[in-house]
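Working notes, structure below.
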Amino acid sequence: MSEGVEWALHSCLNLAWIGPERAVTAARLAAYHDLPAAYLNKQLQALARAGIVTSVSGPKGGFRLARGLDRITLMDVYTAIEGPEEAFRCTEIRRQGPGAGPPRAYAAECAIAGAMGRAELAWRRELAAQTLDDVRRRAELQAPTAPDRLRSWFAGT
């Protein structure tokens with residue numbers, strides 16, 4: 001998983017704390033965590049294509065959440081950044097090299113591919129079951145002053 005997923009998740013949470021009345025540029029969002037703005041902008045554009053954020057043009061332009069955190073799952077963000085492809089792709093190497101058996105030996109699914117597929121399905125289900133609002137609540141319990149500190153920082157710019 002790329003660091004872009006982490007950056008996108010934090011950006012969504014930060015946009016929620018900033019509030020819907022203000023659009024924030026990729027450069028400002030990036031500056032808050034000392035990230036490269038151009039790379040974060042790519043992640044934000046991917047979120048916009050997925051309908052998670054909206055892009056506002058003009059002098060007061062930037063990004064806003066397109067829907068509430070309770071309607072954005074961790075899987076939504078992951079898929080927006082990484083794409084829908086499975087993380088593990090079996091290329092059937094068991095059919096290659098000196099250890100390859102006769103074709104009839106491969107009628108069943110590769111045991112490794114099956115195990116990895118089951119693990120990925122469980123992982124994806126868990127991501128789909130958690131919303132960013134769930135994450136927001138946990139974050140606010142861990143760091144109750146974080147939303148106010150963030151709003152103050154962005155208000156000063």
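Going by average Cβ density within 10 Å per residue, which order do the peptides 66-75, 83-92, 144-153 take, highest to lowest? Numbers along the way, then the final one.
On the way: 66-75: 16.8, 83-92: 10.3, 144-153: 12.7.
Highest-to-lowest ranking by the protection proxy: 66-75, 144-153, 83-92.
Evaluated at 25 °C with a viscosity of 0.890 mPa s, what Stokes-Einstein diffusion coefficient in µm²/s does the chain have when Rh comes from the Kirkwood expression over alpha-carbon pairs? Could you put the intermediate results ahead of the total?
Details: Rh = 17.8 Å.
D = 138 µm²/s.
Taking the stretch 2-36, which GluC sites (Glu not before Pro) meet the DSSP loop condition and have no more than 11 other C-beta atoms within 10 Å?
Working: sites: Glu3, Glu6, Glu21; in loops: Glu21.
When the GluC sites (Glu not before Pro) of the stretch 2-36 are filtered for loop state and at most 11 Cβ neighbours within 10 Å, Glu21 remain.
Kirkwood Rh and Cα-based Rg: tell me the resulting Rg over Rh for the stretch 19-79, rounded to two decimals.
On the way: Rg = 11.4 Å, Rh = 11.9 Å.
In the stretch 19-79, Rg relative to Rh is 0.95.
Could the peptides 46-56, 117-127, 31-41 be put in order, highest first, of the mean number of other beta-carbon atoms found within 10 Å of their residues?
Highest mean packing first, the order is 46-56, 31-41, 117-127.
Tell me the label-point distance for the pair Gln45, Ala143, using the 7 Å Cα-to-Cβ offset, in nm and rounded to one decimal.
Those two pseudo-labels are separated by 2.8 nm.
So what J values fall out for the stretch 85-90 if you push phi through Karplus, 6.51 cos²θ - 1.76 cosθ + 1.60 with θ = phi - 60°, rounded to Hz, Gly and Pro as x?
Coupling constants for the stretch 85-90: 5, 5, 5, 9, 10, 6 Hz.
Note down the relative contact order for the chain as a percent, whole number, built from C-alpha pairs under 8 angstrom at least six residues apart. Could the numbers behind the result be given before it?
Working: 155 pairs, mean separation 43.0, N = 157.
27 percent.
Every number here is computed from the coordinates shown, using simple stated rules; none is lab data. Bear in mind the structure is a predicted one, so any value in this text is a computation, not a measurement. Glycine gets a Cβ as well: all are built from the backbone with ideal geometry, and neighbour counts include every protein chain shown.
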